[in-house]
1. For the chain, build the charge dipole from Cβ charges (+1 Lys, Arg; -1 Asp, Glu) around the Cα centre, then report which of V581, F116, G455 sits farthest towards its positive end.
2. Rg to Rh for the range 187-318: what is it, with Cα atoms only and Rh by Kirkwood?
3. Set the Förster distance to 51 Å, then compute FRET efficiency between L589 and D555 from the Cβ-Cβ distance, nearest 0.05.
4. Which pairs in the list K430/K528; K138/K430; K106/K138 are over 22 Å apart, alpha-carbon to alpha-carbon?
5. Report, in debye and to the nearest 20, how large the dipole of the range 1-127 comes out about its Cα centre when Lys and Arg carry +1 and Asp and Glu carry -1 on their Cβ.
6. For the chain, take every pair of Cα atoms, bin their distances at 20 Å starting from 0, and report each bin as a whole percent.
7. Less than 19 Å apart at the alpha-carbon level, and either on another chain or at least 8 residues along: which lysines does that give for K598?
8. Give me the log10 of I(q) over I(0) for the range 166-237 at q = 0.18 Å⁻¹, as the Debye formula computes it from C-alpha points; what are the numbers?
Amino acid sequence: MASDLLGLGTQSVLTAQRQLNTTGHNISNVNTEGYSRQSVIQATNDPRQFGGQTYGMGVHVENVRRSWDQFAVNELNLSTTNYANRVDSEENLEMLSGLLSSVSSKKIPENMNSWFDAVKSLADSPNDVGSRKVVIEKGGLIAQNLNDFHQDVSRQHDVVNKKLELGVERINQIGTEIRDLHRLMIRTPGPHNDLLDTQEKLIAELSEYTKVTVTPRSNREGFNVHIGNGHTLVSGTEASKLALVDGFPDTQQRRLAMIEGQGIKPITSKDIDGKIGAMLDMRDEIIPGVLDELGKMTIGYVNAVNHLQTQGLDLNGQVGEALFTDINSVIAAKSRVVTSSNSQADLEVYIDNVTPMKTGEYSLQNSGGDYFITRPDGERTAVSVTDNAINIDGLRIKINNDLASGERVLIRPTRSGAGQIQLATTDATKIAAQSYEASTSFAQGSASFEIKQAGELKEFEVIVSPDGTQFAVTDKNGKVLQQPQIYPPKGDVTVQGTTFTLSEGALPNDKFTANLVPSDGGNGNLRKMLYLQTDKHLNNGQSSIIDIYHDLNTDVGLQLSIASKLTDVSRIEKESAQERVASISGVNLDEEAANMMKFQQAYMASSRVMQAANETFDTILALR
């Protein structure tokens with residue numbers, strides 16, 4: 001019995017010692033990030049029978065349990081992902097808001113208003129070359145200002161791509177570290193409490209970058225770690241690689257992909273979330289949205305000014321020329337189309353009408369010979385090809401060489417507008433101050449009457465018949481110069497070298513009068529230019545040129561305000577999840593101090609049992 005007593009005391013001492021060690025381990029790691037409190041689970045030894053009676057045989061350590069709750073940790077990881085996404089989105093919008101509040105940005109409306117002021121001054125003295133030079137100079141400032149700001153915003157695209165590369169690199173490092181942990185767990189006997197804490201810490205960091213799901217594998221072979229909506233980053237003792245690959249068809253818009261062995265599995269940006277999701281939203285949606293709006297404003301301004309320039313007479317009595325580079329130059333038309341590197345397709349996009357023009361990205365696809373276009377809002381419709389061109393939303397998509405069957409190209413009508421504006425002339429005499437349209441015009445319909453080229457015929461009238469089905473051309477005295485023709489004409493109309501166009505929309509008896517005789521001091525065209533400052537000819541007649549800029553500022557400011565509120569909500573959710581995990585896994589020093597005293601007393605009491613056993617042995621031996 002003495003030996004049994006000694007064994008019982010020894011096991012009790014060892015159990016108390018392990019409890020003290022574990023309590024000390026908890027106290028030592030009270031400030032260790034990601035540490036989960038551990039506790040010794042003790043159990044009663046199997047009893048023995050002597051003389052028909054059952055006697056207890058003491059205690060043993062059954063397990064060292066890690067205080068951990070899967071649901072609480074999952075909630076924390078999800079809230080961490082959401083919070084990281086919200087914080088990054090807010091920071092990105094703050095950066096853009098800062099750009100839009102910068103001196104360079106504020107100069108955009110200031111320079112435009114200064115240009116209109118210069119035009120107003122020129123209207124008071126149309127023949128003043130000095131005033132004409134001021135208009136040219138102010139126009140150059142607008143072009144340079146828009147070019148610079150376009151570059152400032154575009155530069156953020158490269159910054160985000162670099163941040164994406166760093167984020168993907170860190171995700172791969174975390175995946176490798178988790179894989180190595182799994183290999184270590186398999187090589188060493190468990191439980192692996194401290195190693196599991198290390199894994200949880202890595203998972204917590206990974207959840208900042210993307211949505212994470214962890215599932216245990218069978219037969220103690222570690223865990224599977226999935227990112228996004230089920231893409232496997234770590235499978236037990238093997239790790240895949242996340243990579244950035246060239247986009248399609250836009251190679252500059254790099255996409256996420258998972259490299260699994262020799263295979264590459266694309267990942268859509270919609271299911272990744274976290275910091276990576278915020279970066280992709282910034283690169284693919286927010287920055288392009290700002291550039292598109294700037295481009296729309298620029299194209300609307302340039303198109304209106306150039307159009308009026310060609311509808312008036314300059315200081316030399318000639319039909320005016322474009323003040324800025326043509327929005328439909330071959331370079332501009334081709335730059336609006338993005339094709340894959342191996343594509344044989346050849347397309348050009350021309351803007352025929354800025355009023356219904358939309359911002360954003362169109363997708364054009366050839367499906368078995370039929371063309372389908374997806375608008376920026378996601379609406380997909382079949383489109384017809386007429387004279388090798390597709391007309392949609394004020395755009396004319398000219399197809400010089402067809403897309404291959406199944407091929408898709410991207411169309412960005414306004415993305416590069418602010419970066420392409422340039423002055424087309426520095427000759428101050430080229431400003432068309434005088435309007436060719438005479439005051440005797442009487443047009444109540446919506447038809448557009450424009451001069452294309454001035455010839456020998458300087459003064460004439462275009463009159464629509466009383467039934468609205470024909471039109472005729474007469475001189476200023478009413479003499480018929482061209483017999484009645486079918487209205488509306490199918491193309492340009494040329495009479496005595498002077499060419500004009502007349503669109504549909506005229507009402508019966510509408511009259512259009514043109515006067516191409518130079519008039520000293522004429523300023524009718526300049527007065528039309530002044531109307532552009534407030535004319536709502538964009539967004540289907542809802543916005544003026546300056547409105548686009550102010551709406552852009554308002555929209556970014558509103559997005560930032562919403563993002564700030566969402567960040568605050570996600571912060572509270574994360575803190576709540578952290579408190580729940582801390583209540584389960586955190587170390588309480590008061591509790592551990594009490595445990596230390598309790599286990600110390602148990603250790604001392606168990607030592608007394610061993611001492612009693614020893615004294616019993618000594619007594620028995622002394623009896624000899």
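1. Of the options given, the answer is V581.
2. Numbers: Rg = 25.6 Å, Rh = 19.0 Å.
With Rh from the inverse mean 1/r over Cα pairs, Rg/Rh is 1.35.
3. Numbers: r = 51 Å, r/R0 = 1.01.
Efficiency for this residue pair is about 0.50.
4. On the way: K430/K528 16 Å; K138/K430 15 Å; K106/K138 15 Å.
Listed pairs above 22 Å: none.
5. Details: 9 positive and 13 negative charges, 95 e Å.
Its charge dipole is roughly 460 debye.
6. Histogramming the chain at 20 Å steps yields 15, 32, 23, 15, 9, 4, 2, 0 percent.
7. Those lysines meeting the cut-off do not exist here.
8. One equal scatterer on each Cα of the range 166-237 leads to -0.63.
The values are calculated or read from the model by the stated rules, or taken from the named source; none is laboratory data. A quick note: this is a predicted structure, and the numbers were derived from the prediction, not measured. FYI the Cβ positions are ideal-geometry reconstructions off the backbone, even for glycines, and counts take in every protein chain you see. These accessible areas exclude ligands, DNA and RNA; they are computed on the full protein's heavy atoms, side chains included. Shrake-Rupley method; radii C 1.70, N 1.55, O 1.52, S 1.80 Å.
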